[in-house]
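The values are calculated or read from the model by the stated rules, or taken from the named source; none is laboratory data. Remember, predicted model here, so these are calculated numbers, not experimental data. Here the Cβ positions follow ideal geometry from the backbone for every residue, glycine too, while neighbour counts run over all protein chains shown. Heads up: the accessible areas ignore ligands, DNA and RNA and are worked out on the full protein's heavy atoms, side chains in. Shrake-Rupley method; radii C 1.70, N 1.55, O 1.52, S 1.80 Å.
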Amino acid sequence: MKSWLEISAQRLTDNYNVLTQIAGNKPAGEGTAVLAVIKANAYGHGAELCAPVLARAGAPWLGVTDTEEALSARTALAAENISPAPQILIMSGILAEDAETIVREQFVPVVWDQRQLEWLAAAATAQGRTASIHIEIDTGMARQGIVPGELPALLQWLRTQPTLRLDGVMTHFASTEVANSPQTLAQRGLFEQAIRTVAASGLHPAWVHAGNSSTVDNQDAEATLPWLRDLVSTLGARSMVRTGLALYGYCLPIEATKPGEASHAAQPSLRPVMTWKTRIIGIRDIHPGDTVGYNAAFTAPRPMRLALLPVGYADGLRRELSGIQSHPGGWAILGDRPAPIAGRVSMNLTLIDITGLENIELGDEATVLGDHITADDHARLAHTIAYEILCGIRATPRLTP
Ligand SMILES: *Cc1c(COP(=O)(O)O)cnc(C)c1O
């Protein structure tokens, strides 16, 4: 095994509890429920390992992108006899050929186009079942969802469909990590309008949901969770927020325009769930002036000892973490000691500087991402966000207690 991911069930559970504490800290039934997003292989953590852990932590819903992810989550839950099993929300669109599976498996798709509803209605009729749906309102992402102005006609048509049940209404915000974001306020205004339309239609969705990890973390003056709770109470529905990144222990920085505006409600209590480990496959000493790796991008300034790790950019260790003279890069952790990357990260190999570190042997474990070299560290060096780092890692996940 070249490298592997240790996935902490305890930390995943603890992080879920941190989020439910913040979102749901109200008398029973009044708080906001927390959907656990396990799309993209649980942000690289292994969806089949994480789904049962999150279900046991009490997640009433799991969020995935498509029927394939939904089926593998369902299988993982069934293998552990989890009951009651969370409902599975398919969040990123459906195609005609998905309808049959969705209805048969009773997955709940996010939909917004009448054609999607027609596919589901036809499959439900053929199977003698009903299909539950969540309708997405486009309030400003221009990605998925129906615009509020077109909602009345869709709802009117929906009321004529005995096989379709409107179980939820949702929207997605574009800028939740921005403190007091005018865009979020504008999106909230449009969503309020949509909820009034739903209320007027006589349909009674059980769930209304919006927001993501930053919606829970970003406790600005215009906090969205109390707004959502108030809005939903007018419908007699249950409110919900959909969290992904924070479950796995990370949050985006909150962008503030004024000092003192940014405050993280969740982030200080979250811990990274993933530790990405590998083992040393080579150790060598080099002389001053020797160059290291492709393009001789690093030259030893003094006698050095290097250790070779069997991971590289093919595994998701980003090439921007290369350690070149003018630009120090990433590092690995050996025990509790940092060892800087020396030279360019190769496709499957990376050298680290272990000069002066005692008692290092072939086969020793090294951490390339975890507590002291986080996904945020990788993201900063690679000029991206922790999301992209985490779901770009290719290594086999193992659940640890
Ligand atoms: C991925 C996703 C989320 C979760 O976002 P995080 O920022 O990871 O919490 C929520 N809602 C939808 C629709 C998503 O696609």
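Pick out the one residue from GLU6, GLU30, GLU69 that is farther than 29 Å from PRO268 by Cα and of a type in the set (Asp, Glu).
GLU69
Looking only at segment 88-113, count how many residues are closer than 21 Å to GLY128 by Cβ and open to solvent by 40 Å² or more (accessible area, probe 1.4 Å).
So the answer is 6.
Does LEU190 count as open to solvent by less than 40 Å² (accessible area, probe 1.4 Å) and hydrophobic (A, V, I, L, M, F, W, C)?
no
Considering only residues of segment 199-232 that are in contact with a Leu (Cβ under 7 Å, 6 or more places away or on another chain), more than 15 Å from the ligand (Cβ to nearest atom) and more than 15 Å from ALA33 (Cβ to Cβ), which is most open to solvent (accessible area, probe 1.4 Å)?
For segment 199-232, the residue satisfying everything is GLU222.
Restricting to segment 241-272, count the residues that are within 16 Å of the ligand (Cβ to nearest atom), within 24 Å of CYS50 (Cα to Cα) and not in a loop (DSSP other than H, G, I, E, B).
The qualifying residues number 9.
Restricted to segment 352-370, and to residues that are of a type in the set (Asp, Glu) and more than 30 Å from the chain's Cα centre (by Cα), which residue is surrounded by the most Cβ atoms within 10 Å (Cβ to Cβ)?
Filtering segment 352-370 for residues that are of a type in the set (Asp, Glu) and more than 30 Å from the chain's Cα centre (by Cα), the one surrounded by the most Cβ atoms within 10 Å (Cβ to Cβ) comes out as ASP353.
Show me the strands (runs of 3 or more DSSP E) entirely contained within segment 102-209 in which 3 or more residues are polar (S, T, N, Q) and modelled with pLDDT of 95 or more.
Ranges flagged: none.
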